[in-house]
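The structure appears right after this line, and notes come after that.
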Amino acid sequence: MTVGRAAEDQEGRLDVIERRPPAARDVVRPEPVRTCTGCRRRGARSVLLRLVAVEVDGAPVVVLDHDRTMPGRGAWLHPDLSCLELALRRSAVARSLHLAGPVDLTGMVEQVRALLNGMVE
Ligand SMILES: [Zn+2]
């Protein structure tokens, strides 16, 4: 006595297609990206620190722009000491801010270090 087993061929052949609603994808907006002045790698704007130059007694002084809202050209940096050191070693901050001549970075360095120390806990 033979039993028809045609159904066996079908078993396990159904590909499981995970269907996501297309709308869910459209909602995701691409995050603005900036280049780190230290390592030159790119990162999300919301992750990188922003540095700006302000004028103090006629001389440019670079400070940390905590809220990333200060006017003027910004330089971007990963919240990472090695990126800060790279940027300092290559004088990249002044360059990316288009500053000529000596620039006071000490305040910025202290601000960034303090911020990073606070992050590490
Ligand atoms: Zn970096």
Next on the checklist: Between P102, P60, which is more than 20 Å from R41 (Cβ to Cβ) and buried (at least 18 other Cβ atoms within 10 Å of the Cβ)?
Outcome noted: P60
Item to check | Options L77, L116, L88: the member that is in contact with a strand residue (DSSP E or B) (Cβ under 8 Å, 6 or more places away or on another chain) and not hydroxyl-bearing (S, T, Y) | outcome: L77
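Per-residue answers, yes or no, for (1) in contact with a helix residue (DSSP H, G or I) (Cβ under 7 Å, 6 or more places away or on another chain); (2) on the phi > 0 side of the Ramachandran plot; (3) at pLDDT 95 or above; (4) of a type in the set (A, V, I, L, M):
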residue: D26; (1), (2), (3), (4): no, no, no, no
residue: G43; (1), (2), (3), (4): no, no, yes, no
residue: E55; (1), (2), (3), (4): no, no, no, no
residue: S91; (1), (2), (3), (4): no, yes, no, no
residue: A100; (1), (2), (3), (4): no, no, no, yes
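The values are calculated or read from the model by the stated rules, or taken from the named source; none is laboratory data. Everything quoted here is computed from the prediction, not taken from an experiment. Ideal geometry is used to build each Cβ from the backbone, glycine not excepted, and the neighbour counts take in all protein chains shown.
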